[in-house]
Amino acid sequence: MMLEIVKYGHPALRKKGESIAALTPEIKNLIVDMFETMAENHGVGLAAQQVGVAKQLAVIDVRDMTDRPSTLELDGQPADPATIMPLVLINPEITPVSEPVTGPEGCLSFPEIFADISRPGMVDVKALDGKGKPIAFRCGGLLARAIQHEKDHLNGVLFIDRMDKKTKAALQPELDALHAITKAELSQKK
């Protein structure tokens, strides 16, 4: 089922997600719906907060992004990132293992707004997968960037919080307009 992606200004985007204790039928359905919603909106990642649910859950699929490569290591060995796609991350823990790299980012909760963001180029990831089984891997490139972006969402942090002051100042009129539209829509729903 397609879910509504909440936009900048919606309070759900600033909520830290609760840890998921059990893979309930509701969580399994949410995962399916999040993948459908992400694909329909041409995204590479989606956090539960973006569909109004404050849980430690994100879905990612970078297979279609051939112009922005990803790297993956499983048990210290290089692997094809496609082998773990589509990727479900429940209660993820991320450890940076390289220097920051600046690269372009967008966000489904910020339509048509893009900026260069600095993040570690490579990270170690530990989480539960969509079956509730532990997974661990090292990744780089777009996959590392997407995972860090979604992990931020799970903590109520937005990519605008990672922008340098000059970039954010240049985008401020667009951000203010989006925020105002979202607030107006929320007040109409009350």
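Remarks
- Verdict on F110 being within 19 Å of V51 (Cα to Cα) and either at pLDDT 95 or above or not basic (K, R) (or both): yes
- Checking each residue in the range 1-26 for being in a helix (DSSP H, G or I), surrounded by 12 or more Cβ atoms within 10 Å (Cβ to Cβ) and either out of contact with any Ser or Thr (no Cβ under 7 Å at 6 or more places or on another chain) or β-branched (V, I, T) (or both) picks out P11, A12, R14.
- Strands (runs of 3 or more DSSP E) wholly inside the range 27-105 that include at least 2 residues being in contact (Cβ under 8 Å) with a residue 12 or more places away in the chain and more than 14 Å from R138 (Cα to Cα): 45-47, 57-60, 87-96
- Among the residues making up the range 131-158, those that are under 18 Å from A82 (Cβ atoms) and under 16 Å from the mean Cα position of the chain (by Cα) are C139, G140, G141, L142, L143, A144, R145, A146, I147.
- Test set (1) surrounded by 15 or more Cβ atoms within 10 Å (Cβ to Cβ); (2) within 18 Å of the chain's Cα centre (by Cα) - A79 fails condition number: (2)
- The residues of the range 106-126 that are in a strand (DSSP E or B) and under 13 Å from the mean Cα position of the chain (by Cα), listed by number, are G106, C107, F110.
- K55 within 13 Å of the chain's Cα centre (by Cα) and among the basic types (K, R): yes
One line per residue, one yes/no per condition, for (1) part of a helix (DSSP H, G or I); (2) touching a residue at least 60 places away in the same chain (Cβ under 8 Å):
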{"position": "K131", "(1), (2)": "no, yes"}
{"position": "A136", "(1), (2)": "no, no"}
{"position": "C139", "(1), (2)": "no, yes"}
{"position": "D176", "(1), (2)": "yes, no"}
{"position": "I181", "(1), (2)": "yes, yes"}
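The values are calculated or read from the model by the stated rules, or taken from the named source; none is laboratory data. Treat the numbers as computed from the prediction; the structure is a model and nothing was measured. All Cβ positions, glycine included, derive from the backbone under ideal geometry; neighbour counts span all protein chains shown.
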